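Down below is the structure, laid out as structure tokens.
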Amino acid sequence: MTAILLNDFKLQWNELNEQILTAVSRVGESGYLILGEEVRNFEECLAEFWGIKYSIGCANGLDAIEIALRSLQLKPGDKVLTTPLSAFATTLAILRAGGTPVFCDTDRSGLVDLHQVEEILETDSQIKFFVPVHLFGHALDLRELQRLKEVYQLKIVEDCAQSIGSSSFGRATGTVGQVAATSFYPTKNLGCYGDGGALLTNDVEIKRIARSLRDYGQTEKYHHSLLGLNSRLDEVQAAILRNALLPKLGAWTQRRREIAEMYRNQISHPEISFVEAPQGSDSCWHLFPIRVLSIRNSLREWLASKKISAAIHYPVIIPDQPVFTAVGTSPKNEIKTILTNARDLAQQELSLPIHPFLNDGEVVRVIEACNSWRR
């Protein structure tokens, strides 16, 4: 049996190598490698795809969140409400921008619980910043997020690293907050051949500040008006993203949805349940998370014996990370709720393979392996 991988970059290369090499050749022949026409053209294409006016390419998704918060004028010590269940980059960006992360529990879908968010906002008027994460590719309820933004005058950065192509009640993720941040890390649904990220906004002033911050804080060559970063999406990655990857994203997302539907219809083990998307969410299925109601490692080992990869997202919630638990050295943070759902999911979640190069036979192999598992 051939191995079934969580991501198969060899198959991706086999499909796209001509387009990728054409893009690289075009950059080489141009003689321009940093912040040139390729970046500008990709930014325009990405903004058009997303339905947002402006896109600003940067070095990675973590920088995108940090630059977004700084573009919204976050001040040192400002409280930033966020989720305890995500990649650590979400919280690290808040800390690097000078903010104090404030954690609220998730709901059963793994997304930050917007009802508890409102309770926190009612009791702590100091919180004016919010970084929600559209985890697993599932979309938060954007109608409720819009209402919270208006009622509590929130400055919102939507972490869309896992949700490009997702929507809530027909509205694309990233379109409620003043800024959206995304990642082009290779495992993402739109992942480049290295690292990269972007911010998206409809605000021309945020665009201006973000473009300055990503390039040493320059407002013009050798004039540094802000304390910026070196966070530039390079020409090669922008060319590959525009030439080879973005044109495939729609079809790849549809394939992910087909695979997710097969899993949801055919996996029927009594100790396996699904981490369902919220009502109204049309997930792009960056991951396919399941809950294992007994010993998670037993299922993972069983799948490995069948040459099927599986992964855990995320085994340790962010407030329990050593950086926050070390005595006397931990950065400031607040936990506003009991983190029951987040901790339960951290202990139970297992991600099954879901990528657009899986064929139906391989999907059936995963389904049969899950259904035949005996711990």
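What follows draws every value from the coordinates through simple rules; no lab data is involved. From a predicted model like this one, the values you see are computed outputs, not experimental measurements. With ideal geometry, Cβ positions are generated from the backbone for all residues, glycine too; neighbour counts draw on all protein chains shown.
Considering only 31, 328, 197, the Gaussian network model of the chain with Cα springs below 10 Å gives its largest mean-square fluctuation to 328. When Rg and the Kirkwood Rh are both derived from Cα coordinates, the Rg/Rh ratio for segment 12-103 amounts to 1.10. Suppose R0 equals 22 Å; then what is the FRET efficiency for residue 75 and residue 208 from their Cβ-Cβ distance, rounded to the nearest 0.05? The pair residue 75/residue 208 has a calculated efficiency of 0.70.
Annotation for residue 360 and residue 115: the two label points, set 7 Å from Cα along the Cα-Cβ direction, are 4.1 nm apart.
Reported value for segment 219-280: 224 Å³ per residue, from the convex hull of its C-alpha atoms.
With a simple spin-label model that places each label point 7 Å from the Cα along the Cα-to-Cβ direction, the separation between residue 316 and residue 11 comes to 3.3 nm. Its alpha carbons give segment 72-181 an Rg and a Dmax of 12.6, 36 Å. When the chain is treated as a Gaussian network with alpha carbon springs shorter than 10 Å, the biggest mean-square fluctuation among 337, 182, 82 belongs to 337.
Residues whose amide H falls under 5 Å from that of residue 110, counting only those 5 or more places apart or on a different chain, are absent, with hydrogens built in the peptide plane. With each label modelled as a point 7 angstrom along the Cα→C-beta vector, the residue 344-residue 330 pair spans 2.4 nm.
Shape annotation for segment 237-311: C-alpha extents along the principal axes are 45, 32, 17 Å, from largest to smallest. Rg ratio for segment 126-210: its Cα radius of gyration over 2.2 N^0.38 Å, N being its residue count, equals 1.10. Enclosing the Cα atoms of segment 249-371 in their convex hull gives a volume equal to 155 cubic angstrom per residue. Using a Gaussian network model of the chain whose springs link C-alpha atoms within less than 10 Å, name the residue from 191, 28, 137 with the highest mean-square fluctuation. Comparing 191, 28, 137 in the GNM, the peak value goes to 28. Normalised by 2.2 N^0.38 Å, where N counts its residues, the alpha-carbon radius of gyration of segment 208-255 equals 1.63. List residues of segment 338-369, by number, whose backbone nitrogen lies under 16 Å from a label position 7 Å along Cα→C-beta of residue 122. The answer is 338. Whole-percent P(r), the chain, all Cα pairs, 20 Å bins from 0: 29, 57, 14, 0.
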